[in-house]
1. Once both axes come from the Cα atoms, what is the angle between helix 105-116 and the longest principal axis of the chain, in degrees from 0 to 90, rounded to 10?
2. Using the crude model of +1 on Lys and Arg Cβ and -1 on Asp and Glu Cβ, and no other charge, please compute the dipole size for the range 181-339 relative to its Cα centre, in debye to 20.
3. Using only the alpha carbons of the chain, what is the convex hull's orientation-averaged projected area in square nanometres?
4. Percent relative contact order of the range 3-262, based on C-alpha pairs within less than 8 angstrom and at least six residues apart?
5. Considering the dipole of the chain built from charges on the beta carbon (Lys and Arg +1, Asp and Glu -1) around the Cα centre, which of GLN105, GLN16, ALA286 is farthest to its positive end?
6. What's the Cα-based Rg to Rh of the range 265-401, Rh via Kirkwood?
7. Report, by chain and number, residues whose modeled amide H sits under 5 Å from the one on LEU350, excluding near sequence neighbours (fewer than 5 apart, same chain).
8. Hey, what number do you get for the chain at 222 nm if only DSSP H runs of n ≥ 4 count, each worth -39500 (n - 2.57), divided across all residues, to the nearest 500?
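Taken together, the values in this text are just the output of simple stated rules run on the coordinates, not laboratory data. What you see is a predicted model; the values in this text were computed from it and never measured. Note that we place each Cβ from the backbone using ideal geometry, even for glycine, and neighbour counts take in every protein chain shown.
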Amino acid sequence: MHPETLVVSAARPARQVDAPVNEPVHFTSTFVGWEPDSAGKRRLYGRMSNPTWDGPEQLLAALEGVQDPVAQPALLFSSGMAAITAALHLAPNGGRVVVPQHAYQGGISLLDSLQQAGRLAVDRVDITDTAAVTAAVSGTGAGSVSGAGSSAEPASILWLESPTNPMLEVADLAALTEAAHSVGALVVVDNTFATPLVQRPLEVGADVVVHSVTKYLAGHSDVVMGAAVTADAGLHRRLHTHRTLHGAIAGPMEAFLALRGMRTLALRLERAQANAAELARRLEAARLEGALPLAAVTYPGLPGHPQHELAATQMHGGFGAVLTIEVAGEDETASAAAADAVVQQVRHWLPGTSLGGVESLIERRRRFEGEPATVPAGLLRLSVGIEHVDDLWDDLASGLRG
Ligand SMILES: Cc1ncc(COP(=O)(O)O)c(C=O)c1O
């Protein structure tokens, strides 16, 4: 079945007369039962399962290419960060995690705190440099931009994001997965930016995919939720146990809203990606003509993006709906001030963090202290929504003209 059909038709109640078309929300903390749960088949208690989770969990696993989504459903978590925490828990104490130098800032901060606590060692890498990442994962001591570095041990986990947040660098998922597996490292991919409609890391061998469901999957900026997906029965058991014991579960209402959002994922993404591609094209043309004060326009779909060809082979049907612009300025301070002025000036674009909703959002990432200094101070991240592209363009262009 095509994903466009799957998102609409999967995960509905059995087809019988007077059955509801949508699975109702099950508000219950416990389930009636007499027998013990030794086989793990009973629902038992609301921290272990909820029928409202089943639909979005099976649909997401199917979209990510899991062969048996009923046996290995995705695991919903209370947030993307909770899913990331569960996936990092797969590394043994003292294990080493290799991560992109630019990646979702919350994940980077979590890894910093785990490193400070002595729980994990962390190496940051330029994710576009496949040879350097391979060296860092194998533990030769080379390849890392900063971090633990000279370990003789292979890494426990290679953490990938592609495109990265917010620099939109593209990692070679297939080559890096193969390299990590050859030294026994697990590969976890945060697939939030691309969504499974555009990129399916499990199909090139990744072990676990994590999502901030908050973003494109739910799609309406009204839910905070995460998910982890794996086709491996052993990893699935460990992630499920982590969720049950650490308790970061999704509420039933949020699970219902997530599934409702996923019904329109294909349509929303199609429009948002088309808008993003068109805006990137217009912005880049304006930059080259000197018509707008832009130092850079970055979008994996632009032919000038350094990994455009790789992106074209591993992303399907589009290049995502996030792009960045760097507002020109004489120095970092001037560029940051000019970017802040654009955020103040625009009217359709909502100033706000997050991405993946129907509405377009704009934000200057370096306003967050934890964002690395290698992210330009005047960089604005644009999460392109599903409005009319001309309204978005007029608003942004006039905001940039000041
Ligand atoms: C790529 C990426 N992964 C994970 C997260 C964390 O997700 P959540 O905010 O749902 O905890 C975010 C949030 O912005 C994100 O952008």
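1. It is inclined by approximately 70 degrees.
2. Result for the range 181-339 is approximately 760 debye, rounded to the nearest 20.
3. Projected over every direction and averaged, the Cα hull of the chain covers 20.7 nm².
4. 22
5. Value computed over the given set: GLN16.
6. Looking at the range 265-401, the ratio lands at 0.94.
7. It is SER360, LEU361, ILE362, by chain and number.
8. The helix contribution divided over the chain gives -11000 deg cm²/dmol.
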